[in-house]
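The values are calculated or read from the model by the stated rules, or taken from the named source; none is laboratory data. Not measured: the values here are computed from a predicted model. Cβ: placed from backbone, ideal geometry, glycine included. Neighbour counts: every protein chain shown.
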Amino acid sequence: MNANVKPPFRKESMRIAGKLVQTDDIVEVLNPYDNSVVGTVPAARPEHVREAFRSAKAFKPKLTRYERQQILQRTAEILRDRKEEFARLIVAETGLCWKDGLYEASRAYDVWSFAAQLTIKDDGEIYACDISPMGKQRKIFTTRVPLLGVISAITPFNHPLNMVSHKLAPAIATNNRLVLKPTELTPLTALALADVLYEAGLPPEMLSVVTGNPSTMGDAMITDPDADLVTFTGSVRVGKHIANTAGYKRIVLELGGNDPLIVMEDADLDRAADLAVAGATKNSGQRCTAVKRILVVNAVADEFSKLVVEKAKKLKSGDPMDPSTDVGTVINERSAILFENRVNDAVAKGAEILHGAPRRGALFAPTVVDRVPYDCELVHEETFGPVIPIVRCPDDIAEVIRISNSTDYGLSSGVCTDRLDYVSRFVAELEVGTVNVWEVPGYRIEMSPFGGIKDSGLGDKEGVVEAMKGFTHVRTWSMPWT
Ligand code: NAD
């Protein structure tokens, strides 16, 4: 395995119905570690977006289930065979470390191969109608049909391959057409994925990729008359803008998180500390489901906090291309400065830094902060970096649940306890989409339902099974049946 080969400079084009399209203006894609230019992409204007939707709408996909399965499975296999090539590109444009880049590249196999396997299953239902005094000798059948219009997909920087895959794979599995706008920060991986799909046999009209600055062409993605559904993964701020702008179309919003890891007094503290450190620092802490608050009860907080520091000290932060690095950079220096300011603000409000290192550009090392007040900005807002904040809570499950529910977010959670009475209360009372007992909040398989409530999400869930439902209409039809 060779992490230390930089990918060649890429002067990219958009892919509009498979055609390569350039523009006069470009956006530079920067490597957050050394600020080198990794490549450039065109800066689309609204008319490019219009052309992408127009071409998509004009095409009527006719792929059989078998043909879709073949394209999806071939895509999974090409991605598996080229995982190192993808990992290098991911590391270069995100600053994630090689280990995280390789994980991101490998994980996509599941998304595409699960979509391939699910494509061949017909989930139609049959309702007998002779079941009441007014009943008739008929049957009602259901069948799922693709959207009449086009899917508009907008994706974030933090999982540049998988967030895109979670929109493309279910869309293709259900014979939909799609226009994708990846983030301007990490668009190169998405363009490379589009080429894999074309190579795997996808009719190019089914997928266009447009690139550029959201201030110029973002609204065109949301309001295009041929877009029937906008599926968005990203921040709450942009998600709410989409909700206010989209008008009469379906929207799927997968937004930010502020996930707790809860540690109760009966927990195996060593195991809990492992989950806390891994959950807060993997992917440079830039997962919507990263551990963003550790809520530990006072009875065990001293001992737990010592174990967290011990484990955090073992992590190596530094050059993302060095295969022994555990934590690379965050997405840019601006974000790193924001996290630094929030840590300082927490300290001013009584928190204590137990481990960390001075920030260097976008390199923000894992930072353990103890005695963080539960309502300071560091833990009340989403801090999208490798901070490990410990919030000490009263020895009372009702208080722990109240503190956990005290933010506007509601994505996922992890709980460390063996007591079934606690588990049943957490499952019933935490205001979240997921409760993982003895796992990090981000634990999932690529086909299980995934998504949050409150400010963390609106509309259908993701995960291949739910997304395939969300990208279709249910049509019912009936006929006489004796
Ligand atoms: P972001 O909201 O800044 O950007 C996301 C996408 O929206 C990008 O493609 C961006 O170009 C686009 N965009 C920005 N303004 C727009 C506008 N006015 N119109 C149309 N598009 C616009 O988010 P980010 O910083 O790239 O990603 C990090 C966020 O994503 C975090 O909050 C994270 O929690 C969240 N996220 C959520 C999930 C989930 O499944 N719930 C998964 C991953 C990331």
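Pairs linking a residue in the stretch 171-187 that is in contact (Cβ under 8 Å) with a residue 12 or more places away in the chain and farther than 26 Å from Asn35 by Cα to a residue that is part of a loop (DSSP other than H, G, I, E, B) and basic (Lys, Arg), with Cβ atoms under 9 Å and 6 or more positions apart or on different chains, are Ala171/Arg177; Asn175/Lys62; Arg177/Lys60.
With the checklist (1) within 28 Å of the chain's Cα centre (by Cα); (2) small (Gly, Ala, Ser); (3) surrounded by fewer than 24 Cβ atoms within 10 Å (Cβ to Cβ) in hand, flag the one item Gly279 doesn't pass. Result: Gly279 passes all but (3).
A quick yes/no check of all residues on (1) farther than 25 Å from Ala273 by Cα; (2) surrounded by fewer than 20 Cβ atoms within 10 Å (Cβ to Cβ); (3) within 16 Å of the ligand (Cβ to nearest atom); (4) of a type in the set (D, E, K, R):
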| site | (1), (2), (3), (4) |
| --- | --- |
| Asp396 | no, yes, no, yes |
| Glu399 | no, yes, no, yes |
| Leu430 | no, no, no, no |
| Gly433 | no, no, yes, no |
| Glu439 | no, yes, no, yes |
| Pro480 | yes, yes, no, no |
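Here is the figure for the stretch 75-129: residues that are in contact with a helix residue (DSSP H, G or I) (Cβ under 6 Å, 6 or more places away or on another chain) and among the polar types (S, T, N, Q) total 4.
When you scan the stretch 219-257, how many residues do you find that are out of contact with any Pro (no Cβ under 7 Å at 6 or more places or on another chain), hydroxyl-bearing (Ser, Thr, Tyr), within 6 Å of the ligand (Cβ to nearest atom) and in a strand (DSSP E or B)? If you could, list the steps in order and put the result at the bottom.
Keep residues of the stretch 219-257 that are out of contact with any Pro (no Cβ under 7 Å at 6 or more places or on another chain), which gives 219, 221-232, 235-257.
Checking the rest, the ones that are also hydroxyl-bearing (Ser, Thr, Tyr) come to 223, 231, 235, 245, 248.
Next, from what is left, pick out any that are within 6 Å of the ligand (Cβ to nearest atom): 235.
So of that shortlist, the ones also in a strand (DSSP E or B) come out as none.
Residues meeting the conditions: 0.
If you go through the stretch 145-189 and keep only what is out of contact with any strand residue (DSSP E or B) (no Cβ under 7 Å at 6 or more places or on another chain) and either at pLDDT below 95 or within 23 Å of Tyr66 (Cβ to Cβ) (or both), you end up with Ser165, Ala169, Pro170, Ile172, Ala173.
Of all residues in the stretch 340-360, exactly one satisfies the criterion of being in contact with a strand residue (DSSP E or B) (Cβ under 9 Å, 6 or more places away or on another chain) and among the basic types (Lys, Arg), namely Arg342.
Filtered by the rule that a residue be away from the ligand (no atom under 16 Å from the Cβ) and not in a strand (DSSP E or B), the stretch 136-156 gives Lys136, Gln137, Leu147, Leu148, Gly149. Residue pairs whose Cβ atoms lie under 7 Å apart, separated by 6 or more positions or on different chains, with the first residue in the stretch 254-266 and within 20 Å of Ala153 (Cα to Cα) and among the acidic types (Asp, Glu) and the second near the ligand (Cβ under 9 Å from one of its atoms) and assigned to a loop (DSSP other than H, G, I, E, B), are Glu254/Gly451.
Looking at Val308, is it within 25 Å of Asp455 (Cα to Cα), touching a residue at least 40 places away in the same chain (Cβ under 8 Å) and out of contact with any Pro (no Cβ under 9 Å at 6 or more places or on another chain)? Walk me through it before giving the result.
Numbers: within 25 Å of Asp455 (Cα to Cα): no; touching a residue at least 40 places away in the same chain (Cβ under 8 Å): yes; out of contact with any Pro (no Cβ under 9 Å at 6 or more places or on another chain): yes.
For Val308, the condition - within 25 Å of Asp455 (Cα to Cα), touching a residue at least 40 places away in the same chain (Cβ under 8 Å) and out of contact with any Pro (no Cβ under 9 Å at 6 or more places or on another chain) - is not met.
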